[in-house]
Amino acid sequence: MSITLAAQDLFLTQSAVSRHIHALETALGMKLFKRMHRAIHFTAEGEQLFVSADSAMQQLQDTVGALQASQLAHQPVTLTASISFVGLWLLPRLPQFQQHHPNVEVRLAASNSIMDLRQEGLDIAIRYGAQEQMPAGGLRLFGETIFPVAHPSLGLCRLDAPEIIARSVLLEFEGDASPCWNWDAWLAAQGWSGIKPKGVIRFNLFDQMIHATIAGQGIALGRSQFIRPMLDDGRLFALPTPHPGPKSNKVFCLLQRDARPSKDAQALIDWIVAEAKQTDGVEADASDDP
């Protein structure tokens, strides 16, 4: 009940507020306020109009708030992961998630760079590295099992003699400096140090190397967790070696931005964890095979 305070709240001058009041009273043909010394009060008609207007504004605010909450509830769920994780593990499975959650919109940021979830506005990140180096709160999805693979067109079923290396092209992944991805380390583990392959093609992206392997361009070191469907349907053959190669100590972990994610984000997180558990189980069973 103060024109001065109303003017401050509306970012107007006192005279502008007074003119608006006068215009409203003129339009309605009745007085809405009683002007007193340094104060105003409602007339009976003004009180009645205020109660009605206040109720209508409150209802409008409630409706707008509900609409905004509904829109926020269905914001896209954004996930960042490496290019190979998205291309070889996530995308082939994603239609299953969409079938069970048709109203959840997923936005993927496939990148080999580490992004800050909060700064970039991302909900979920899949990180790769040694378990002890994973950020606090990281949820382990699965590890990695690495061994030589090739397309059936190369006519290989085992990699058990240095002569095979000498007549073959090796495909090498340079995106990770770990010994488990290095052909020299693998050959040394077999006692074949110094054996030169027919040729070497190097890749900085794992998925590109796998596509080249499926095209029959050479023998690669494959990550079983990503290429299991290709092993199962015969697009790739695992090539046993006389001795085990270097082992990997790295894992894939899931990080979430919020301790209490949205309902849609939680649905995607739960689904990824369940799918990863299946991946881990399949690889455990495969490692038990003779």
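The values are calculated or read from the model by the stated rules, or taken from the named source; none is laboratory data. Every value quoted in this text rests on a predicted model; they were computed, and no experiment measured them. For neighbour counting, all protein chains shown are included, and Cβ atoms are generated from backbone atoms with ideal geometry for every residue, glycine included.
Annotations
- When residues in the range 52-85 are screened for being surrounded by fewer than 13 Cβ atoms within 10 Å (Cβ to Cβ) and either modelled with pLDDT of 85 or more or over 30 Å from I40 (Cβ atoms) (or both), 19 of them pass.
- Test result for I227, farther than 25 Å from D160 by Cα, at pLDDT 95 or above and β-branched (V, I, T): no
- Of all residues in the range 112-137, those satisfying the criterion of being of a type in the set (S, T, N, Q) and without any contact (Cβ under 8 Å) to a residue 40 or more places away in the chain are S113, Q119, Q133.
- Check on N112, under 30 Å from D264 (Cα atoms) and touching a His at 6+ places or on another chain (Cβ under 7 Å): no
- Screening A81, A16 for residues that are in contact with a strand residue (DSSP E or B) (Cβ under 6 Å, 6 or more places away or on another chain) and free of Cβ contacts under 8 Å to residues at least 60 places away in the same chain leaves exactly one candidate, A81.
- Residues of the range 234-252 that are basic (K, R) and without any contact (Cβ under 8 Å) to a residue 60 or more places away in the chain: none at all.
- Test: residue in the range 132-154 that is assigned to a loop (DSSP other than H, G, I, E, B), among the hydrophobic types (A, V, I, L, M, F, W, C), at negative phi and at pLDDT below 95: yes
- For the range 194-232, a residue qualifies if it is among the small types (G, A, S) and under 26 Å from the mean Cα position of the chain (by Cα), and the qualifying residues are G222, S224.
- Flag if R223 is charged (D, E, K, R), surrounded by fewer than 17 Cβ atoms within 10 Å (Cβ to Cβ) and touching a residue at least 24 places away in the same chain (Cβ under 8 Å): no
- Residue that is outside the structural domain of A274 (by TED's automatic domain parsing) and modelled with pLDDT of 85 or more, where the choices are L49, L88: L49
- The criterion of at least 2 residues that are closer than 30 Å to G121 by Cα and out of contact with any Asp or Glu (no Cβ under 9 Å at 6 or more places or on another chain) is met, among strands (runs of 3 or more DSSP E) falling completely within the range 178-290, by 250-256.
- Here is the figure for the range 1-36: residues that are under 18 Å from L49 (Cβ atoms) and part of a strand (DSSP E or B) total 3.
- Looking across R107, R118, one residue alone is touching a Pro at 6+ places or on another chain (Cβ under 8 Å), within 24 Å of D270 (Cβ to Cβ) and surrounded by fewer than 14 Cβ atoms within 10 Å (Cβ to Cβ). It is R107.
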